[in-house]
Amino acid sequence: AQRVTQPEKLLSVFKGAPVELKCNYSYSGSPELFWYVQYSRQRLQLLLRHISRESIKGFTADLNKGETSFHLKKPFAQEEDSAMYYCAPLTSGGYQKVTFGIGTKLQVIP
Amino acid sequence: DTEVTQTPKHLVMGMTNKKSLKCEQHMGHRAMYWYKQKAKKPPELMFVYSYEKLSINESVPSRFSPECPNSSLLNLHLHALQPEDSALYLCASSSEAGTSYEQYFGPGTRLTVT
């Protein structure tokens, strides 16, 4: 079965420390993957997608097909990065839809 | 206008009531979505409309009835709900359905069924 795993429900880091939010997937073929973020009292929004290979707000995510991972990384955490982060693959099988992982709450400690 | 709007923000209804949730976007998007989000859980897809036609129904109970009257509007009609249906209902839109198009989310309607 196709599945996405975010192993950490809560990740606490100090300001200025590196951040890595883990995401592993089990999908056949070449999945398309996204990271969505929800800041406190704000709506859910797209952070980045793997096909763009871009850096948004200092975050990057590389698709590693060998490890079936799409970890989100930032070299130096900022307090404003505190939020809920969802890894979301585009699944297929008859039709395409985005399925959200369980989410990881990132807490950046001042 | 680059926002998805949802009304009402909060809704309390009894199990015998009939109510509707409304979602609107004026970005020219041709795909619209309803999600259900329980506390401390990720959003779960309920329905997808593509070009005003229902393209995905994730086996949602019939007490939830979606409607897409035009390309800018999406409604979710509620009837005979159960307390376990209490949740945040999110609407989203994207320029097209599927593929890698970004979904734009509304702020949600917080529904409480008593």
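The values are calculated or read from the model by the stated rules, or taken from the named source; none is laboratory data. Fair warning: this is a prediction, and the values are worked out from it, not measured in the lab. Because the Cβ atoms are built from the backbone with ideal geometry, glycine has one as well, and the counts that use them run over all protein chains shown. When the accessible area is computed, the model is the full protein with side chains, heavy atoms only, and any ligands, DNA or RNA have been set aside. Shrake-Rupley method; radii C 1.70, N 1.55, O 1.52, S 1.80 Å.
Structure notes:
- A straight Cα-to-Cα reach below 27 Å connects A:K22 with the lysines A:K9, A:K57, A:K65, A:K73, A:K74, A:K97, A:K105, B:K36, B:K38, B:K40, B:K41, residues fewer than 8 places away in its own chain not being considered.
- Among the trypsin sites (Lys or Arg not before Pro) in the stretch B:20-53, those located in a DSSP loop and surrounded by at most 14 other Cβ atoms within 10 Å of their own Cβ are B:K38, B:K40.
- Long-range amide H partners of B:H26 with built H, under 5 Å: B:E3
- With q set to 0.11, 0.18, 0.25, 0.28 Å⁻¹, the log10 of I(q)/I(0) for the stretch B:1-77, from the Debye formula over equal scatterers at the Cα positions, is -0.29, -0.79, -1.37, -1.48.
- Per residue solvent-accessible surface (Å²) - the stretch B:9-71, probe of 1.4 Å: 56
- A:S28/A:N64 FRET efficiency (R0 25 Å; Cβ-Cβ; nearest 0.05): 0.95
- Remark: accessible area buried at the B-A interface is about 1700 Å², both chains counted, probe radius 1.4 Å.
- Using the Cβ-Cβ distance between A:R3 and B:S59 with R0 set to 22 Å, the FRET efficiency works out to roughly 0.75.
- Loop-resident sites, the stretch A:23-110, for trypsin sites (Lys or Arg not before Pro), counting at most 12 other Cβ within 10 Å (DSSP): A:R41, A:R53, A:K57, A:K65
- Residue-wise HN-Hα coupling along the stretch B:54-61, computed from phi with Karplus coefficients 6.51, -1.76, 1.60 (Hz; x: Gly, Pro): 5, 10, 9, 10, 7, 6, 7, x
- Using only side-chain charges placed at the Cβ, +1 for Lys and Arg and -1 for Asp and Glu, the dipole size of the stretch A:50-110 relative to its Cα centre rounds to 180 debye.
- Computed on protein heavy atoms with a 1.4 Å probe, the accessible areas place B:S95, B:S59 in the order B:S59, B:S95, largest first.
- At q = 0.33 Å⁻¹, base-10 log of I(q)/I(0) for the stretch A:1-50 (Debye sum, equal scatterers on each alpha carbon): -1.23
- Altogether, the Stokes-Einstein calculation at 10 °C and 1.306 mPa s, with the Kirkwood radius of chain A over Cα pairs as Rh, returns a diffusion coefficient of 113 µm²/s.
- Isolated Cys residues of the protein assembly as shown, judged by Cβ distance under 4.7 Å to other cysteines: B:C68
- Cβ charges +1 (Lys, Arg) and -1 (Asp, Glu), total dipole of chain A, debye: 200
- Projecting the Cα positions of A:P110, A:L46, A:T68 onto the charge dipole of the stretch A:37-110 (unit charges on Cβ atoms of Lys, Arg, Asp and Glu, taken about the Cα centre) puts A:L46 furthest along the positive direction.
- Peptide B:39-46 has a mean of 5 when you count, residue by residue, the C-beta atoms of other protein chains within 10 Å of its C-beta.
- Gyration tensor verdict on the protein assembly as shown (Cα atoms; rounded if a/c is under 1.5, prolate if a/b is larger than b/c, oblate otherwise): prolate
- The distance linking the stretch B:1-80 with the stretch A:1-64 is 26 Å (Cα centroid to Cα centroid, whole angstrom).
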